[in-house]
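Structure first, then comments.
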Amino acid sequence: MNLKKNWNKKFGKSEIITKANSTCKKVEMDMLRLAPGDKKSYREVNKEYALVILRGKCTVEGEGFSFKDAGRRMDVFEGAATCIYVPANTPFTVEGVTEVEIAVCKSPSEAAYKPAIVNPEDVVIKNLGKPGWEREAHFILDERVDSTMLYIGEAFVKGGQWASYPPHKHDDDNMPKEAETEEIYYYEFKRPEGFGIQKVYTMEGDIDETYTVKTGDLVEIPRGYHPFHTAPGYDNYYLWIMAGADRGFYMTTDEDHLWLTK
């Protein structure tokens, strides 16, 4: 089993995680890199989209909506993101205003929700964790925006810290304690030589994967616990995309490590 993928940051659309190459069934992910004036159009059936602008500016337009010059940061470490939600069965086009990089997140949907933009000032920022596993968490596409499955945020982790820790999972339909939710992580590091370690494992042992991750890497999390550690000296950013019918942080902690939450 290989849950790790990579984006080489080439220009154009890169289909990184698809139903054909992934263990995930509720979430897919493209990466876009466009030069100024370049365009990409989407017209897929029964899918909703969230476009998280990693860096640069773009215009996103479809029938009845236009979000012009969206995006304010030129680097993921410069602050909060801009995100555009496009509902199912709504063709749209993305055009680069500056050079722009975008994570295009997709999930099954037939709902006719309204297109929406989440600007940086709308992002909810929280400091989470304890010494050794502290992070700055950004909640971007959350309960405030109507969506069928997508629930998205970012994390900023200082070198030497753990995140998604103590290990937790969200793969059992046991609401309101735990939701059945898939997830994808996309990573960048403040220094080009930066790296981290991503673990994905189940209590049953049928999944037990450990990956070295660098800028441009992605790891899909169809189920299981998924703690992450960034190497000392290397500040980390990761985008997390959760997809499931019950949107939100409904998760349980690995019982072996539950004492850490006390």
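The values are calculated or read from the model by the stated rules, or taken from the named source; none is laboratory data. Values in this document were obtained by computation on a predicted structure and should not be read as measured data. Cβ: placed from backbone, ideal geometry, glycine included. Neighbour counts: every protein chain shown.
Observations on the structure shown:
- Here segment 186-239 is the region considered, the condition is being over 19 Å from S14 (Cβ atoms) and of a type in the set (S, T, N, Q), and the residue that is surrounded by the fewest Cβ atoms within 10 Å (Cβ to Cβ) is T210.
- Residue in segment 227-237 that is touching a Lys or Arg at 6+ places or on another chain (Cβ under 7 Å) and of a type in the set (D, E, K, R) present: yes
- Those residues of segment 1-28 which are closer than 18 Å to V213 by Cα and touching a Lys or Arg at 6+ places or on another chain (Cβ under 7 Å), in sequence order: K9, I16, I17
- G153 vs. criteria at pLDDT 95 or above and under 17 Å from the mean Cα position of the chain (by Cα): yes
- Taken over segment 240-262, the criterion of being exposed (fewer than 14 other Cβ atoms within 10 Å of the Cβ) and either touching a residue at least 40 places away in the same chain (Cβ under 8 Å) or charged (D, E, K, R) (or both) is satisfied by A245, E255, D256, L258, T261, K262.
- A single member of I117, I102, I140 is within 18 Å of the chain's Cα centre (by Cα), of a type in the set (V, I, T) and either under 30 Å from K262 (Cα atoms) or at pLDDT below 95 (or both), and it is I140.
- Residue check, G132 surrounded by fewer than 17 Cβ atoms within 10 Å (Cβ to Cβ), within 24 Å of G194 (Cβ to Cβ), in contact with a Phe, Trp or Tyr (Cβ under 9 Å, 6 or more places away or on another chain) and touching a residue at least 24 places away in the same chain (Cβ under 8 Å): yes
- Inter-residue pairs, beta-carbon under 6 Å, first at pLDDT 95 or above and in segment 19-42, second aromatic (F, W, Y), 6+ apart: M31/W7; R33/F11; Y42/F92
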